[in-house]
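Report on one structure; see the data block that follows.
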Amino acid sequence: MKKVWVLGHKNPDTDSICAAIAYAALKNVTEQGTVFEAKRAGQINEETKYVLEHFEVEEPELVEDVGAQIKDIAYRKTEGVSSHISIKRAWEMMNSLDVVSLPITRRDNTLEGLIVTGDIAKSYMDVLDNRILATARTQFKNIVETLNGTVVHGNEHGYFVKGKVVVAAASPDAMEEYIEDDDLVILGDRYESQFCALEMNASCIIVCSDAKVTKTISRLAKDKDCLIISTPYDTFTAARLINQSMPIKYIMKKENLITFALDDYVDDVKEVMSKVRHRDFPVLTEEGHYAGMISRRNLLSMQKKQVILVDHNEKSQAVDGIEGAEILEIIDHHRLGSLETMSPVFFRNQPLGCTSTIIYQMYHEKGVKVERKIAGLLLSAIISDTLMFRSPTCTELDKQVAESLAQIAGEEIETLARAMFEAGSDFKNKTVQEIFYQDFKIFHVDEISFGVAQLSSMSRPELKQVREKVLPYLNTALGEQKLDMVFVMLTDILEEASEVISCGDGAEELLESCYGAKNEEGRYLLKGIISRKKQLIPTLITGIQQKNNA
């Protein structure tokens with residue numbers, strides 16, 4: 001079944017997570033033939049964690065990149081072969097499968113090596129040593145198969161490990177001069193030659209042209225523990241083909257193999273492929289098992305991941321790799337951002353306090369009942385995004401929807417809000433990085449990039465402690481994110497005010513031009529400013545634009 005991921009922005013807040021879960025559930029009810037899965041683009045904060053645990057909802061799986069991966073491509077699932085098969089057998093398989101590469105795998109399906117047509121051609125042209133079959137530890141079974149032969153006497157499962165390959169074209173007297181113990185002798189129907197080869201302790205004789213082997217020769221072969229193979233080929237053909245019975249293990253490439261994993265991203269794969277001239281590359285599973293082969297041609301069949309975005313439409317806030325995914329829908333309540341799509345999409349953007357309010361509307365428009373758990377998630381998201389209706393972004397509709405959801409979820413709004421905010425403002429056991437990035441967003445204006453984190457609490461002393469902890473980290477965050485300026489809103493929910501601290505070239509000047517000088521305590525304390533989206537961001541953007549146009 002086709003899968004579509006529903007996910008919010010990086011550093012997700014409660015609305016981002018809850019809206020994704022609720023909308024995926026709605027789509028699964030209203031659209032058949034597709035599975036919609038809620039995902040998250042970052043670590044959830046403590047407030048959201050509390051909400052999910054309170055309503056017994058599983059945390060969505062983390063997705064850090066939605067770019068196309070090898071597992072999204074119809075790669076070739078060529079079966080792996082044993083390293084013991086003959087060169088001739090490998091060549092026949094390549095022709096049958098119309099491929100130029102064969103993966104060689106072990107019994108546990110891990111990759112042992114790789115063989116390409118060039119390796120076979122090179123071995124056929126370069127091998128001049130008549131001891132090569134013994135050096136390669138060639139199984140007699142391979143020789144039988146390569147020569148289309150039959151075993152007259154002996155064990156074909158043994159290995160040719162000593163001696164050389166000779167053709168008995170001379171008289172028996174001359175044969176005695178060059179046949180040694182354990183040699184493999186190719187000969188014809190001459191009884192004397194067969195007898196001489198056995199007397200010289202050959203380990204194997206190959207009788208060509210389906211010549212008859214007498215009972216006397218068979219008995220002597222048994223006494224000498226010599227394998228007799230009969231082949232329909234003449235002596236010349238048998239001698240020409242026999243080196244093709246070598247196991248591919250002897251000529252396969254097994255060092256410095258270039259492989260890809262199923263989870264590797266196509267962009268990275270393309271870069272590697274552009275630097276080497278191989279036709280095919282092995283693909284491995286996460287456990288290291290062989291999965292198939294991929295070539296440049298397979299990249300043409302790439303299927304982009306399909307996603308629905310909620311609670312954002314800014315590229316800087318979207319999950320990594322978004323430019324390589326197919327965006328199907330966007331449900332949001334923020335300003336229009338910088339995301340671009342290749343084709344028209346369903347885009348619903350309303351000036352409300354919360355994306356989850358829009359999701360609730362869509363449930364009613366589709367005639368789908370809102371279950372208790374979903375109602376609890378949507379309610380929590382509205383409480384969080386509107387700071388329990390204190391934010392100037394909050395509308396009358398947000399309040400009405402929250403009240404309806406509270407009845408369905410069986411929750412008392414103020415009690416749930418207090419528990420959520422207390423969980424979210426529990427900063428004691430968090431690192432400074434966890435605190436800073438729990439609700440952090442990046443914005444772009446002309447050539448200026450800036451980030452804004454918002455930390456909310458119902459306790460002013462706690463906010464003071466957070467300020468002292470976060471302030472030294474701002475310069476680090478500025479460098480990590482490669483931004484021009486960084487701001488942090490320390491929002492007192494009960495007092496409905498925010499203190500703003502900053503870092504970066506021009507950050508202090510921007511705050512002063514937008515909000516006036518610092519107060520007597522040397523701080524930017526902004527009374528009535530509690531909404532990043534509606535009150536802080538538009539003001540900062542206007543200030544940057546005015547400065548750029550001055």
- Would you list the strands (runs of 3 or more DSSP E) that sit entirely within the stretch 302-359 and hold 2 or more residues that are touching an Asp or Glu at 6+ places or on another chain (Cβ under 7 Å) and small (Gly, Ala, Ser)? none
- Query: Residue check, ARG107 against (1) modelled with pLDDT under 95; (2) in contact with a helix residue (DSSP H, G or I) (Cβ under 9 Å, 6 or more places away or on another chain), all met but one. Which one?
  - Reply: (2)
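Can you tell me which residues in the stretch 150-164 are in contact (Cβ under 8 Å) with a residue 60 or more places away in the chain, touching a Phe, Trp or Tyr at 6+ places or on another chain (Cβ under 9 Å) and buried (at least 18 other Cβ atoms within 10 Å of the Cβ)?
First, pick out the residues of the stretch 150-164 that are in contact (Cβ under 8 Å) with a residue 60 or more places away in the chain: 150-156, 158.
This time we only want the ones that are touching a Phe, Trp or Tyr at 6+ places or on another chain (Cβ under 9 Å), so: 151, 154-156, 158.
Residue satisfying the conditions is GLY154 alone.
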- Only one of ASP320, ASP264 is within 12 Å of VAL66 (Cα to Cα) and touching a Gly at 6+ places or on another chain (Cβ under 8 Å); which? ASP320
- Query: If we scan the stretch 27-36, do we find a residue that is surrounded by fewer than 18 Cβ atoms within 10 Å (Cβ to Cβ), at pLDDT 95 or above, in a helix (DSSP H, G or I) and under 28 Å from the mean Cα position of the chain (by Cα)?
  - Reply: yes
- Message: Being in contact (Cβ under 8 Å) with a residue 40 or more places away in the chain, in a loop (DSSP other than H, G, I, E, B) and either in contact with a Phe, Trp or Tyr (Cβ under 7 Å, 6 or more places away or on another chain) or small (Gly, Ala, Ser) (or both) is the requirement here; does SER391 meet it?
- Response: yes
- Taking the stated definitions as given, is ILE115 surrounded by 20 or more Cβ atoms within 10 Å (Cβ to Cβ), at negative phi and in contact (Cβ under 8 Å) with a residue 24 or more places away in the chain? yes
- Residues of the stretch 464-509 that turn out to be under 16 Å from GLY424 (Cα atoms), open to solvent by 10 Å² or more (accessible area, probe 1.4 Å) and under 40 Å from the mean Cα position of the chain (by Cα), as a count: 1
- Task: Can you run down the residue pairs with Cβ atoms below 8 Å, 6 or more apart or on separate chains, where the first is in the stretch 406-417 and over 13 Å from ALA381 (Cβ atoms) and the partner is surrounded by fewer than 18 Cβ atoms within 10 Å (Cβ to Cβ) and of a type in the set (Lys, Arg)?
- Result: ILE408/ARG372; GLY410/ARG372
- Message: Being under 54 Å from the mean Cα position of the chain (by Cα), within 23 Å of ASN243 (Cβ to Cβ), open to solvent by 70 Å² or more (accessible area, probe 1.4 Å) and polar (S, T, N, Q): is that true of THR146 here?
- Response: no
- Query: Just checking, which of GLN244, GLN303, GLN317 is open to solvent by 70 Å² or more (accessible area, probe 1.4 Å), among the polar types (S, T, N, Q) and on the phi < 0 side of the Ramachandran plot?
  - Reply: GLN303
- Item | Residues that are open to solvent by 10 Å² or more (accessible area, probe 1.4 Å), over 38 Å from the mean Cα position of the chain (by Cα) and aliphatic (A, V, I, L, M), drawn from the stretch 413-432 | ILE413
- Message: For a quick check of your reading of the model, give me the residue pairs whose first member lies in the stretch 512-538 and is more than 19 Å from GLU496 (Cβ to Cβ) and basic (Lys, Arg), whose second is surrounded by fewer than 18 Cβ atoms within 10 Å (Cβ to Cβ) and at pLDDT 90 or above, with beta-carbon atoms closer than 8 Å and at least 6 apart or on different chains.
- Response: LYS518/GLU512
- Message: On the basis of being in contact with a Ser or Thr (Cβ under 7 Å, 6 or more places away or on another chain) and either open to solvent by 10 Å² or more (accessible area, probe 1.4 Å) or in contact (Cβ under 8 Å) with a residue 12 or more places away in the chain (or both), does THR355 make the cut?
- Response: no
- Task: Identify the residue in the stretch 48-91 that is aliphatic (A, V, I, L, M) and part of a helix (DSSP H, G or I) and, among all such residues, is farthest from MET1 (Cα to Cα).
- Result: ILE87
- Evaluate the following for PHE436: is it part of a strand (DSSP E or B), within 26 Å of GLY8 (Cα to Cα) and in contact (Cβ under 8 Å) with a residue 40 or more places away in the chain? no
- Message: Take the residues in the stretch 320-346 that are β-branched (Val, Ile, Thr) and in contact with a Lys or Arg (Cβ under 9 Å, 6 or more places away or on another chain); name whichever of them is surrounded by the most Cβ atoms within 10 Å (Cβ to Cβ).
- Response: ILE331
- Filter result (of a type in the set (Val, Ile, Thr), open to solvent by less than 30 Å² (accessible area, probe 1.4 Å) and farther than 30 Å from LYS141 by Cβ) within the stretch 247-278: VAL266, VAL269
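The values are calculated or read from the model by the stated rules, or taken from the named source; none is laboratory data. This structure is a prediction, so every number in the text was calculated from the model and none was measured. Every residue, glycine as well, gets a Cβ built from its backbone with ideal geometry; the counts of neighbours run over all protein chains shown. For accessibility, only protein heavy atoms count, side chains too; no ligands or nucleic acids. Shrake-Rupley method; radii C 1.70, N 1.55, O 1.52, S 1.80 Å.
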